[in-house]
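The block underneath contains the structure these notes are about, expressed in structure tokens.
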Amino acid sequence: MKLVSYLQDGHDHLGLLAEGYVYNLEEIHPELPNSMSMLLTYWEDILPSLQNVNESIANGRVGKEKALPLAKVKLLSPVPFPSSCRDGYAFRQHVAAARRNRNVPMIPEFDQYPIFYFTNHHTIQGPGDIRCMPDHFEKLDFELEVAIVINKHGRNIRAEEADEYIGGLMIMNDMSARRLQMEEMLLNLGPAKGKDFATVLGPQLVTLEELAAFETAPKEGHVGKSWDLPMQCFVNGVQVSDGNVNQMDWTFAEIIERCSYGVDLHPGDVIGSGTVGTGCFLELNGTGKLNNPDYTEQWLQPGDVVEMTVEGLGKLSNTIVKEDTDWSILKRKK
């Protein structure tokens, strides 16, 4: 199934996406939830009814009179109000390239355990404008990722069972203000202000049975589901990134195991994969300068359109917008 959240009458609503139309689940079946948060809270109880509705739409038993064309719907993040948001560090190619570009060796600990950081779950958004402050444009960057959402409570979850806690996959753009990020991390704390202004999810949450045909074996020595899903990023129509979800070294199952050690995970918790290889300007600029000292760095600018595509997960499109202010915290430094 492909699930979306959309804005209507000032409220978020849960919809099922099929063939370019968004079906309001509450109108089709009164016992179905009207929000993603409600669905995730009662996932196992509601899922059978949801699957029946999805089958009825596919078979034509539910007509398009109960749906809206996708083009007329204001999409939100599929999970508009996540209870938390963690981001992992699962792609060895990205980590190795970024360290090589800084002339430092690959850190061996990467292959020993998966890591993550917490970001600001209150700044999760979906397709549309991304508002940025002047300081954000000091090396403003995208990060091409995928993310999962947790669909039931768990604690001390073993990797071997962790896929059962995944509600689905969606595209994630972990926006980054690199100057702020690099300055604050000199103090070995963060990332904070370099990351907390916007994280983008969308356009839809795709459940695991929908992705069964794309399943592939994880990398040797790892446990959990993996998917053969090509992923790209385009800036103003020009492709800048090319990767695949199956390049994740650490699986989501293994990341869930790490996240849940001694900690309760809750329905609505979002976990990102980390950046795919070639999935951000920081890496691309470093590689370019390593190969050519005259390489011109590229960073996101006001008006830029960032489009991310992942096979089976759709296309996530955002426009970079500069807020109408000259307020700068960089100028407040002592």
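On the given criteria, is W299 touching a Lys or Arg at 6+ places or on another chain (Cβ under 6 Å), among the hydrophobic types (A, V, I, L, M, F, W, C) and over 28 Å from V4 (Cα atoms)? Criteria met by W299. For D45, the conditions (1) part of a helix (DSSP H, G or I); (2) surrounded by 13 or more Cβ atoms within 10 Å (Cβ to Cβ); (3) at pLDDT 95 or above are fulfilled apart from (2). Selection over region 139-153 of residues that are of a type in the set (G, A, S) and not in a strand (DSSP E or B) gives a count of 0.
Just need a number here: residues in region 105-126 that are aromatic (F, W, Y) and in contact with a Pro (Cβ under 7 Å, 6 or more places away or on another chain). Spell out how you get there, then give the answer.
Of region 105-126, the ones aromatic (F, W, Y) are 110, 113, 116-118.
Next cut, in contact with a Pro (Cβ under 7 Å, 6 or more places away or on another chain) only: 117.
Going through region 105-126 one residue at a time, the tally reaches 1.
Taking into account only those residues within region 279-334 that are of a type in the set (D, E) and closer than 22 Å to E183 by Cβ, which is surrounded by the fewest Cβ atoms within 10 Å (Cβ to Cβ)? Walk me through how you get there before you give the answer.
In the first step, residues of region 279-334 are kept if they are of a type in the set (D, E); the result is 283, 294, 297, 304, 307, 311, 323-324, 326.
Okay, now just the ones that are also closer than 22 Å to E183 by Cβ, so 283, 297, 323, 326.
Values: E283: 24, E297: 12, E323: 12, D326: 8.
Ranking the qualifying residues of region 279-334, first place goes to D326.
Could you say whether any residue in region 89-104 is assigned to a strand (DSSP E or B), in contact with a Pro (Cβ under 7 Å, 6 or more places away or on another chain), in the same structural domain as G168 (by TED's automatic domain parsing) and touching a residue at least 12 places away in the same chain (Cβ under 8 Å)? First the steps, then the outcome.
Initially, region 89-104 is screened for residues assigned to a strand (DSSP E or B), giving none.
Looking for residues that are assigned to a strand (DSSP E or B), in contact with a Pro (Cβ under 7 Å, 6 or more places away or on another chain), in the same structural domain as G168 (by TED's automatic domain parsing) and touching a residue at least 12 places away in the same chain (Cβ under 8 Å), one finds none in region 89-104, hence no.
Taken over region 154-189, the criterion of being assigned to a loop (DSSP other than H, G, I, E, B) and either in contact (Cβ under 8 Å) with a residue 12 or more places away in the chain or within 20 Å of P80 (Cβ to Cβ) (or both) is satisfied by N156, I157, R158, M175.
No other residue among I124, I115, I130 is surrounded by fewer than 24 Cβ atoms within 10 Å (Cβ to Cβ), aliphatic (A, V, I, L, M) and closer than 17 Å to H94 by Cβ apart from I115.
The values are calculated or read from the model by the stated rules, or taken from the named source; none is laboratory data. This one's a predicted model, so the numbers in the text were calculated from it and none came from an experiment. Every residue, glycine among them, receives a Cβ derived from its backbone with ideal geometry; neighbour counts consider all protein chains shown.
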